[in-house]
1. Can you give me the % of accessible surface on the chain that is carbon or sulfur? Probe 1.4 Å, all protein chains present, nothing else counted.
2. State, to one decimal in nm, how far the label point of Leu186 lies from the label point of Trp102, with both points 7 Å from Cα in the Cβ direction.
3. Based on the alpha-carbon gyration tensor of segment 73-168, what equivalent-ellipsoid semi-axes (square roots of 5 times the eigenvalues) come out, in whole Å, largest first?
4. Test of understanding: what is the full-extension gain from Lys151 to Phe30, defined as 0.36 nm times their sequence separation minus their Cα-Cα distance?
5. Kindly identify segment 120-198 as rounded, prolate or oblate by the Cα gyration tensor criterion: order the square roots of the eigenvalues as a ≥ b ≥ c, call it rounded if a/c is under 1.5, otherwise compare a/b with b/c, prolate if a/b is larger, else oblate.
6. Given contacts defined as C-alpha pairs under 8 Å and at least six residues apart, what's the relative contact order of segment 68-198, whole-number percent?
7. What's the longest piece of the chain with no exposed GluC sites (Glu not before Pro), counting a site as exposed if DSSP puts it in a loop and it has at most 12 other beta carbons within 10 Å?
8. With a 1.4 Å probe and every protein chain left in place, work out the accessible area per residue of segment 3-90 in Å², rounded to a whole number.
Amino acid sequence: MESKLSNPAPLGLLGFGMTTILLNIHNAGFFPLNVAILAMGIFYGGLAQVIAGILEYRKGNTFGMTAFISYGMFWLTLIFILIAPQMGLPEVWAAPPAFLGWYLFLWGLFTFFMVFPTLKKNRVMAFVFISLTVLFSLLAIGHWVPGDAGKIFIRIGGWEGIVCGLSAVYLAAAEILNESCGRLVLPVFPLENKECNK
């Protein structure tokens, strides 16, 4: 008999969603960057997503593996970028805002590519990835545009990022509750495509 494997997606979605909310509460201007955000980025946004991605590999889910491991590594690299100046590394290694904009742009480009498979899964997942693409775009522009104008883009991105993170938390809750209860508790609005709904 083949044993049933658990679904690692809620773990990855919660690691992504909750960390995204926390960082974007900062980006929206409510709190300064602090150790709670950094710790969340390393352990839940970073390591938990990488673990979820490895478990998706075990299930044969290429999309889930690529998404969770990639975004887990995004959080780990972002935290390293933020704390590197405090680690005594040469100042020349510091990433200037414009270059950080290119870093965020590349993640936005990757996310845009990842949107297309979600359009054949369910509408909530599609919303998570579309809103994340918008978030990366706003933050990239915010780092490219100097002065107060750039700060406005980052602040708008913060509000949009909170919505993006909440949508990922909702999707995780839906997957957990629907599976645990054996019935529809929270809808995810699946799209009719059997090949992409595996």
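1. 73
2. 3.9
3. Whole-Å semi-axes of the equivalent ellipsoid: 27, 16, 11.
4. Taking Lys151 through Phe30 to full extension adds about 42.2 nm, to one decimal.
5. prolate
6. Contact order relative to length: 25 percent.
7. Looking at the chain, 3-191 is the longest stretch - no exposed GluC sites (Glu not before Pro) with at most 12 other Cβ atoms within 10 Å.
8. 49
The values are calculated or read from the model by the stated rules, or taken from the named source; none is laboratory data. Note that the structure is a prediction, hence the values are computed from the model and not measured. A quick note on method: Cβ atoms are made from the backbone with ideal geometry, for glycine too, and the neighbour counts reach across all protein chains shown. Just the protein is used for accessible areas: all its heavy atoms, side chains included, with ligands, DNA and RNA removed. Shrake-Rupley method; radii C 1.70, N 1.55, O 1.52, S 1.80 Å.
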